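Working notes, structure below.
The values are calculated or read from the model by the stated rules, or taken from the named source; none is laboratory data. Here the structure is a predicted model, which is why all the values come from computation and not from measurement. Don't worry about glycine lacking a Cβ; one is built from the backbone with ideal geometry, like all the others, and counts go over all protein chains shown.
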Amino acid sequence: MARAPLLQLNEISLTFGGDPVFEDLSLVVHSGDRVALVGRNGSGKSTLMKVMAGLVEADSGEVIAGPGVSVGYMEQDPDLSGFDTLGDFAAHGLDPGEMYKVERAGEGLKFDPARPVATASGGERRRAALARLMAQAPELMLLDEPTNHLDIEAIGWLEEELRTTRTAFVIISHDRAFLRNLTRATLWIDRGQVRRQEKGFGDFEAWRDQVWEEEDTQRHKLNRKIKAEARWAVEGISARRKRNQGRVRALQDLRAERASQIRRQGTAAMALDAGPKSGRKVIEAQGISKRFGDKRILGDFSLTVQRGDRIALVGPNGVGKTTLLNMLIGAEQPDSGTVTLGTNLELALFDQARAQLDGDMSLWDSLTGDPDMRVGGKADQVLVRGQPKHVVGYLKEFLFDEAQARAPVRSLSGGERARLLLAKLMARPSNLLVLDEPTNDLDVETLDLLQELLETYDGTVILVSHDRDFLDRVAATTIAMEGDGRATVYAGGWTDYLAQRGQDDFAESVVKAKEPPKQDKPAKTQKKGLSFTEKHRLEALPAEIERLEAEIGKLEQLLADPDLFNREPVKFNKATQALAERQEKLSSAEEEWLTLEEKAAT
């Protein structure tokens, strides 16, 4: 039976700052749809959702809602002005007898309806906006990053609510497990084009890679054809000038087609330098405890962190994860017990509040004004892992364009702020990496790259996260903070923790929520072959190897001069050092190529 269309977009075009966000975009959302809206940071996901909600007017085209269809939108930054309490805001538009819906949502999402708006945090405001939407129960819900500022328990409650609802919804989220468990279709925004697949997010990455592989094949064929036609134009046109002008015009059309193609946005050129090795024992906590007033945060907890450990802290919001994290790194003192830090530690901290970023500063000043990145006397360069780089060039490595360099930090999206903070963090060598909610707002490709960097990072990692998929991919040890000062250490990531702990009060709702719908793949699958980043690395390595071999050849030719050492000893020493460095890089590149080739064949 055909499903009724709830919302239809016809030939939508929208331009910001001279660049088109969408051109001639059309899509339909039907009753019962459960759709993931995905795309790179900055691709226009939130903008498209605002167009669907009627909050942003397109330059052309039309948005048509079905007769009597109500569309509800959850904003990332809700406006609560005019309301005294979070409950007043969440209950707005409901009948007096429906306040129980807000109270029920408040219990599941963990916000207090009586909390005054004036004292509410950004996370509490977002949870109130989500509760308001859930209580209103429109025919179509548009959810923009609904899991941000939710702990794992609340995410589990929300999953269960959305799993059982008859309401259609479209979701933007960085939380892979959340999308995989709930969605049945995927809208993918890529360079202004929106594609739709009638499969959930679990099949997205394979679909994306297939589309990009086909695109690369077509581009390769086009380049070969242009090359052949260009050779003909040079060698054969003079004898048949008049007769073959049509073929020349066809060549011009091929070149115009290639020029009109929009290149995919690359992945951020992120890198981690573990710097000098720390001592084998990084942190030793003995019998530490902490209270705030009558609330016990931690009681008699001991932990030894060894070099290379990957430790995750999990638990409900407000249970004390960040407090424990701060005690472990020496930023906060325990009430009792001792914390001993190891030798030669170089700490790099990613804080969930993004407090290291000043919203009024430009991206340029945010980097050049950092004492750890400042290059003396040069206002346009930053120190990146000991090497000076132009500030714009370094920003481009993290996918910022030149026009953004002088823009204020407050103008950035959540994902862009996370990338800027990663740029600051990764500029300095470290051997202890502390990540407090690092995954918020990052797109799938950047999350993949961050995960791969953490896998190969030689230092120690301690992280706090509510992203179950990320925890499973990164953590080797999980510390579960379960309230009333209890903290228990488990081996493995989130799924391993659940298996060891069992389905008790803390985990039960989340375990149910993790069971995927029948039409979706299981939440945890064994990945085979190459990841997207590895595939592109394998394609780039032959050219890198060829370049290194050419540089080695030139250096060897230079050093073959028997009089070079006596004539120019400084030049000889530099060339000798450069030759050794390039030979080492060539050996590493060849080894990496062989490893990736073997993995690709499995």
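Tell me which strands (runs of 3 or more DSSP E) are completely within the range 342-423 and hold 2 or more residues being free of Cβ contacts under 8 Å to residues at least 40 places away in the same chain and more than 20 Å from the chain's Cα centre (by Cα), or say none if there are none.
Hits in the range 342-423: 387-390.
Let's see how each residue does on (1) assigned to a helix (DSSP H, G or I); (2) of a type in the set (A, V, I, L, M); (3) at pLDDT 80 or above:
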| site | (1), (2), (3) |
| --- | --- |
| R180 | yes, no, yes |
| V194 | no, yes, yes |
| G202 | yes, no, yes |
| E205 | yes, no, yes |
| L222 | yes, yes, no |
| E229 | yes, no, no |
| W232 | yes, no, no |
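Scanning for something over 30 Å from A480 (Cβ atoms), surrounded by fewer than 18 Cβ atoms within 10 Å (Cβ to Cβ) and modelled with pLDDT under 85, does the range 341-359 turn up at least one residue?
yes
What helices (runs of 4 or more DSSP H) lie completely within the range 1-109 and have 2 or more residues being under 18 Å from S413 (Cβ atoms)?
By residue number, 45-53.
Just checking, how many residues over the range 182-192 are modelled with pLDDT under 90 and part of a helix (DSSP H, G or I)?
Qualifying residue count for the region: 0.
Based on this model, can you work out whether L449 counts as assigned by TED's automatic domain parsing to the domain that holds G342, under 17 Å from the mean Cα position of the chain (by Cα), part of a helix (DSSP H, G or I) and over 29 Å from L341 (Cα atoms)?
yes
Here is a yes/no grid of residues against (1) over 25 Å from L449 (Cβ atoms); (2) out of contact with any Gly (no Cβ under 8 Å at 6 or more places or on another chain); (3) surrounded by fewer than 19 Cβ atoms within 10 Å (Cβ to Cβ):
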{"position": "P20", "(1), (2), (3)": "yes, no, yes"}
{"position": "E23", "(1), (2), (3)": "yes, no, yes"}
{"position": "R34", "(1), (2), (3)": "yes, no, no"}
{"position": "V38", "(1), (2), (3)": "no, yes, no"}
{"position": "G44", "(1), (2), (3)": "no, no, no"}
{"position": "E57", "(1), (2), (3)": "yes, yes, yes"}
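Residues checked against (1) in contact with a Ser or Thr (Cβ under 8 Å, 6 or more places away or on another chain); (2) over 24 Å from K277 (Cα atoms); (3) not assigned by TED's automatic domain parsing to the domain that holds T147:
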{"site": "T368", "(1), (2), (3)": "no, yes, yes"}
{"site": "P371", "(1), (2), (3)": "no, no, yes"}
{"site": "P388", "(1), (2), (3)": "no, no, yes"}
{"site": "F400", "(1), (2), (3)": "no, yes, yes"}
{"site": "G415", "(1), (2), (3)": "yes, yes, yes"}
{"site": "R419", "(1), (2), (3)": "yes, yes, yes"}
{"site": "A423", "(1), (2), (3)": "no, no, yes"}
{"site": "E437", "(1), (2), (3)": "yes, yes, yes"}
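So which residues in the range 129-178 are of a type in the set (D, E) and in a helix (DSSP H, G or I)?
Within the range 129-178, E153, E159, E160, E161 meet the criteria.
Kindly establish whether V211 is assigned to a strand (DSSP E or B), β-branched (V, I, T) and either buried (at least 19 other Cβ atoms within 10 Å of the Cβ) or under 22 Å from the mean Cα position of the chain (by Cα) (or both).
Answer is no for this residue.
Yes or no: L463 touching a helix residue (DSSP H, G or I) at 6+ places or on another chain (Cβ under 8 Å) and either hydrophobic (A, V, I, L, M, F, W, C) or more than 24 Å from R537 (Cα to Cα) (or both)?
It is true that L463 is touching a helix residue (DSSP H, G or I) at 6+ places or on another chain (Cβ under 8 Å) and either hydrophobic (A, V, I, L, M, F, W, C) or more than 24 Å from R537 (Cα to Cα) (or both).
Go through D84, D95 for me and flag whichever is surrounded by fewer than 21 Cβ atoms within 10 Å (Cβ to Cβ), touching a strand residue (DSSP E or B) at 6+ places or on another chain (Cβ under 8 Å) and among the acidic types (D, E).
Only one candidate qualifies: D84.
Quick one: is P316 crowded, with 17+ Cβ neighbours inside 10 Å, free of Cβ contacts under 8 Å to residues at least 60 places away in the same chain and in a loop (DSSP other than H, G, I, E, B)?
no
So which residues in the range 554-569 are among the acidic types (D, E), outside any helix (DSSP H, G or I) and either surrounded by 12 or more Cβ atoms within 10 Å (Cβ to Cβ) or under 51 Å from the mean Cα position of the chain (by Cα) (or both)?
D561, E568
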